[in-house]
Each structure stands twice: as C-alpha cells, then as structure tokens.
Amino acid sequence: MNIHHLELFYYVARHGGISRAVRHMPYGIQQPAVSGQILQLEQDLGVRLFERVPFKLTPPGEELYAFVAPFFDGLEDIARRLGRPAAPLLRIGASEIALRDHLPAVINRLRTQLPELRLSLRSGFQPEIEAWLHHREIDLAITPLETRPPAKLRAHRLLRVPLVLLAPRRSKLKSAAELWRPGLVEEALICLPANESLTRTFQRQLKRLKVEWPVAIEASSLELITRYVADGYGLGVSVDLPGVTRQREVRVLPLAGFDPLEMALLWRGEPTPLIRMVIDEAARYVAQQWPAWACPA
C-alpha cells in the first residue's frame, strides 16, 4: 500500500468525505487528486473503502481506519514531545456580528495568558455552524439555543436577548402591538432565513397571537435587516443589541411578551482547558456588557 494514499484515506474517513478532507489537509491538494489516489488505493486493495453519497465507511474501510488512525492521530503529539510545542489553535464558528463586534474582546483577554494563540474563524448561519461542530470542523460555536443542545453537543448559556421590531424612522407605527390584529399583516416583513432561531422564535409567537405575516425579504444578516428597514423596504425582526439596531433612520419597537433569543457556546465532549478559558472569559464579558440579560453562571 502507498503510505501517502493511506494518509489521504485517514483524512477522508476522519472528516466524513473528500471535500471536507481537502479543507483540513496540512498541505495544499485538490479534490480530484484526492479522489484519484483514493480510487487507486481501493484498486490496490481490491475493496471499496467507503460509500460516497451519503458518506459511510464500509466494513473494510472501518477496519483500515482503525489501523491507521492511531498513527496519524499521534503525529502532532510526538511532534510536541520531540520539538517546540505547537501554538494552541482554536477554531470558532459564529455569526459575522459575534466574530466582529464581541469575540475580539474575549480573545484579547485570552491572549494575555496565551500570547501564541492561533485562531480559525468561520461565519455562517446557525445550521451551518452546528454542522461544522458535528463534523469536527470547528472546536467551539457561538449560536442561538432554543431548547436543549443538539445531540452529542454540550452547551453553556451566555445571555437572553430581547427580540425587537425595527421600523423606518418615518413610519407612523408607535408600537408593535398595533400590528397584532388577527389576520394578515400588510407591512413587508424582513427577517433572517426560516431555519434561524430568531425567525422561528418570532413566528411561534405570531402563531400564538393568531397573526399571519409572510416574509417579504429574507436577509443573510442582522445588519442587512437594519439597512433594508432604514431604506424603507418594510419592518424587520432583530435583537436589542446596540451594534445591530442603532441606526439614525431606524426606530426600535419592543416586542413585549415575545420569548427572548438565548445565545450559547456549544462544543463536543468534555471541554478542553482552552475551551474552559473561553467559557469563563465569554461569561465575564457578557456579565459586564449586559448584566440584565446574562444567564446565571
């Protein structure tokens, strides 16, 4: 067997597919090259190692992975023991606003203790972020949490943020309650995609109020919602964070009686010392910034 082919198979098996494996290789290699060399390995062995769609190891693939994984898993550890310890790496997935406006304050505190800390940051929607965590593409997620954590994930709740309705400054609407007449709301609704917790939480309350309000504009971020409201395209659903809602051409209307949006840290298994440090610093940051909304320790 070609040892390089075994290494490629290890990454494919570990990350659950060829495309994901390519993103985690410690060196540059194109997806067609990986596919071709894996196929060559299967031909050399005379067995199929995994099903492509959906990805699943075959029994021979599981046996081969069990054989090669201890060696490749241990390479980083032996490198640390033989030479200079590698700088710690933390891979975080979150929304653009969390990575841009809030995470830097937490990371700055960590760097006083870990000056060589390396970061890998990925922004995306909630379902994407949870999928990255499940596939071990990130170590930690900052994301909404509606009830209990998804399967195999653990959580630390950080804060509960009130939902608000954004209206253009020139709108005659004085309160959100004016909209809650049973039936169909005529104003255009601007919100995040339907599979986002913010939108689901908002729609659940509308259902309790027996109000129908179809989405007119689906935006990819809270900042876009604010921008489109300011430009007069409709009313937007958001959260009461100054960095998101404060815009000269926008008015913020409280959504009294609506469930807040709960934000949490998610990770797999027992938290590493580094993740524990992030949890502590994030909780401290939230308690200082929004003491009324912070979840109990």
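The values are calculated or read from the model by the stated rules, or taken from the named source; none is laboratory data. All figures in this text were calculated on a predicted structure; none of them were measured in a lab. Cβ atoms come from the backbone with ideal geometry, glycine included; neighbour counts cover every protein chain shown.
See the values below:
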quantity	calculated
Hits in segment 138-170 (condition: touching a Lys or Arg at 6+ places or on another chain (Cβ under 8 Å), modelled with pLDDT under 90, surrounded by fewer than 19 Cβ atoms within 10 Å (Cβ to Cβ) and outside any strand (DSSP E or B))	Glu146, Lys152
Single residue of segment 193-208 satisfying the filter (out of contact with any strand residue (DSSP E or B) (no Cβ under 7 Å at 6 or more places or on another chain) and touching a residue at least 60 places away in the same chain (Cβ under 8 Å)) that is nearest to Arg227 (Cα to Cα)	Glu196
Flag for Glu7 being under 20 Å from Ile129 (Cα atoms), outside the structural domain of Ser221 (by TED's automatic domain parsing) and not small (Gly, Ala, Ser)	no
Any hit, segment 276-294, residues being among the aliphatic types (A, V, I, L, M), modelled with pLDDT of 90 or more, surrounded by 17 or more Cβ atoms within 10 Å (Cβ to Cβ) and more than 15 Å from His102 (Cα to Cα)	yes
Whichever residue in segment 122-137 is surrounded by 20 or more Cβ atoms within 10 Å (Cβ to Cβ) and closer than 20 Å to Glu223 by Cβ and, among such residues, is nearest to the chain's Cα centre (by Cα)	Ile129
Qualifying residues in segment 240-269 (those that are more than 19 Å from the chain's Cα centre (by Cα), over 20 Å from Gln289 (Cβ atoms) and of a type in the set (D, E, K, R)) - the one surrounded by the fewest Cβ atoms within 10 Å (Cβ to Cβ)	Arg248
Segment 275-297 residues that are charged (D, E, K, R), paired with ones that are surrounded by 15 or more Cβ atoms within 10 Å (Cβ to Cβ) and outside any loop (DSSP other than H, G, I, E, B) (beta carbon under 9 Å, 6 or more apart)	Glu281/Val106; Glu281/Ile107; Glu281/Arg109; Glu281/Leu110; Arg284/Val106; Arg284/Arg109
Matching option when the condition is touching a Lys or Arg at 6+ places or on another chain (Cβ under 7 Å), small (Gly, Ala, Ser) and modelled with pLDDT under 90, among Ala98, Ala87, Ala79	Ala87
